[in-house]
Amino acid sequence: MIELNEITKIYQAGDTEVRANDGVNLKIEKGEFVAIVGKSGSGKTTIMNIIGALDVPTDGQYILGGTDVSDMDDNELAEVRNKMIGFIFQQYNLLPRSTVLENVELPLLYAGVSSADRKVRAMKALEKVGIDDKAHNHPYQLSGGQQQRVSIARALAGNPSLILADEPTGALDSKTSREVLDLLVLLNEEGNTIVLITHDTGVACEAKRVVKMHDGKIVYDGPVEEYKETLVSEGWLK
């Protein structure tokens, strides 16, 4: 599904060269649930942008679903995002003047799906996340947790190869966060490939595999059980 080979991303900050990613190698298979965790400045956001076809590496190769996207231009990247990736954002990114149903339909509209099919597929996605009764409401009429469910439904509507969740619980209280994480676990159990980006070690432990980043490099990549053991040994968990 995902193959990153020696990915390097370099930014210029004045006269300083910043290596946000420095020789990252990573493979994620179809159906996996992987958390990429790290503190601010670790490189996780940069690698998320590359995985999500929002940016291209300075050097290295990125293959998504058998397609090399390393050197694509903006239009080609937009097509990859629309056809292959469903995004879940921390701040939901919903259009306030559109209904819930219209928000979920949006990526299908960009994909050229007919009006009738858009509505059917969007409603099925809303049913899956348990919020189809809010289809004709507007985002401001919903709680934060309900808005995040709309965001998840929007990600699912296009039947993407990959669901990329960027800090999906960052704006939610603990109870609602638990509900959203349970939903992501369920979606993975149904066969969806999920990559979760987070700074929160507790959220990362909801995945089946954890990739930890530090200073632009991967410093841990393994099962969540082993990751938890390292947290216990370092005093982060009891």
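The values are calculated or read from the model by the stated rules, or taken from the named source; none is laboratory data. All values derive from a computational prediction rather than experimental measurement. Note that each Cβ is placed from the backbone with ideal geometry, even for glycine, and that neighbours are counted across all protein chains shown. SASA here: full protein model, heavy atoms, side chains in, ligands and nucleic acids out. Shrake-Rupley method; radii C 1.70, N 1.55, O 1.52, S 1.80 Å.
Taking residue 177, is it farther than 25 Å from residue 7 by Cβ, touching a residue at least 24 places away in the same chain (Cβ under 8 Å), open to solvent by less than 50 Å² (accessible area, probe 1.4 Å) and in contact with a Phe, Trp or Tyr (Cβ under 6 Å, 6 or more places away or on another chain)? No. Restricting attention to the range 88-109, the residues that are free of Cβ contacts under 8 Å to residues at least 40 places away in the same chain and among the β-branched types (Val, Ile, Thr) total 1. Residue count for the range 99-126, restricted to those that are of a type in the set (Gly, Ala, Ser) and open to solvent by less than 30 Å² (accessible area, probe 1.4 Å): 2. Selection of the range 186-200 for residues being surrounded by fewer than 20 Cβ atoms within 10 Å (Cβ to Cβ) and more than 21 Å from residue 130 (Cα to Cα) yields 199, 200. Entry remark, the range 157-174: residues being open to solvent by less than 20 Å² (accessible area, probe 1.4 Å) and over 12 Å from the mean Cα position of the chain (by Cα) number 1 in total.
Counting only helices (runs of 4 or more DSSP H) wholly contained in the range 131-238, the ones carrying 1 or more residues that are out of contact with any Pro (no Cβ under 7 Å at 6 or more places or on another chain) and over 30 Å from residue 97 (Cα atoms) occupy 174-189, 201-204, 224-233. Based on this model, can you work out whether residue 47 counts as within 18 Å of residue 71 (Cβ to Cβ) and under 13 Å from the mean Cα position of the chain (by Cα)? Against the criterion (within 18 Å of residue 71 (Cβ to Cβ) and under 13 Å from the mean Cα position of the chain (by Cα)), residue 47 qualifies. The sole residue among 56, 80, 104 that is within 19 Å of the chain's Cα centre (by Cα) and either of a type in the set (Lys, Arg) or part of a loop (DSSP other than H, G, I, E, B) (or both) is 56.
Quick one: would you say residue 132 is open to solvent by 10 Å² or more (accessible area, probe 1.4 Å), at negative phi, acidic (Asp, Glu) and in contact with a Lys or Arg (Cβ under 7 Å, 6 or more places away or on another chain)? No; evaluated as a whole, the condition is false for this residue. Among the conditions (1) more than 16 Å from the chain's Cα centre (by Cα); (2) assigned to a strand (DSSP E or B); (3) without any contact (Cβ under 8 Å) to a residue 60 or more places away in the chain; (4) at negative phi, residue 6 misses just one, which is (4). Can you tell me which residues in the range 113-130 are in a helix (DSSP H, G or I) and closer than 20 Å to residue 189 by Cβ? Result: 124, 125, 126, 127, 128.
Output the residue which, of all residues in the range 16-73 that are closer than 23 Å to residue 192 by Cα and of a type in the set (Lys, Arg), is least open to solvent (accessible area, probe 1.4 Å). Here the residue is 44. Checking each residue in the range 59-77 for being among the hydrophobic types (A, V, I, L, M, F, W, C) and part of a helix (DSSP H, G or I) picks out only 77.
Apart from one condition, residue 96 fits all of (1) farther than 19 Å from residue 53 by Cα; (2) surrounded by fewer than 16 Cβ atoms within 10 Å (Cβ to Cβ); (3) out of contact with any Pro (no Cβ under 7 Å at 6 or more places or on another chain); the exception is (3).
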